[in-house]
């Protein structure tokens, strides 16, 4: 029996096919699997790289600077009340009612008590007749009768009108020629420093004295003392 007969007789209609050969003699199925695996690896790498890049950008890891145009904002709280303090100057009104004022000449300028009485009357004080004092003073002083409840307020106002002179209780007897105030509650002893000066000039002088003059030397101790003189008559 020949070889052909033996092969033909091994099975009815059976035909054996050789597997398909690829390049280099390897099976075609193996080559396709390798190609698909390589493509899958490359695709996975690309996807992973993109995901990593997105995570870096969202986390602020990008190397490119991010420029933002942010303007400062001011927030107002409607529930907060802001109070601004404003400096104000308060002028205390003069007390001119409740006591009669008498001006006594306690200086060397004749007629000055009468002229001061007219000036005080012009600003609203109730004035009595001017008199002569029994002493001579450089600085004026205002006396008040403590039995008159309104006298102190009027006396303090008269002192302010003259630029801020001293205020005290009237001595007994009062230092005037007849020794009596004749019912007046306030006595102004007009001294040399305020004699024949207007109320406006006395106010300006008092304001100037509140600012010290650094160029003025203090008085020398032991200097000459001027002896008091008799007050001038106020007729």
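Of note:
For (1) modelled with pLDDT under 70; (2) part of a loop (DSSP other than H, G, I, E, B); (3) surrounded by 15 or more Cβ atoms within 10 Å (Cβ to Cβ), each residue gets a yes or a no:
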position	(1), (2), (3)
65	yes, yes, no
80	yes, yes, no
115	no, no, yes
125	no, yes, yes
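- Taking the listed residues 104, 99, the one that is crowded, with 23+ Cβ neighbours inside 10 Å, at pLDDT 95 or above, in contact with a strand residue (DSSP E or B) (Cβ under 8 Å, 6 or more places away or on another chain) and assigned to a strand (DSSP E or B) is 104, with no other qualifying.
- Hits in the stretch 139-177 (condition: in a helix (DSSP H, G or I) and either out of contact with any helix residue (DSSP H, G or I) (no Cβ under 6 Å at 6 or more places or on another chain) or on the phi > 0 side of the Ramachandran plot (or both)): 151, 152, 153, 154, 155, 156, 157, 158, 159, 160
- Test: residue in the stretch 211-230 that is at pLDDT 90 or above and either assigned to a loop (DSSP other than H, G, I, E, B) or touching a strand residue (DSSP E or B) at 6+ places or on another chain (Cβ under 6 Å) (or both): no
- Hits in the stretch 178-199 - residues which are in contact with a strand residue (DSSP E or B) (Cβ under 7 Å, 6 or more places away or on another chain) and not in a loop (DSSP other than H, G, I, E, B): 186, 187, 188, 189, 190
The values are calculated or read from the model by the stated rules, or taken from the named source; none is laboratory data. The model shown is predicted, which means the values in this text are computed figures rather than measured ones. Cβ sites come from the backbone with ideal geometry, for glycine too, and all protein chains shown count toward neighbours.
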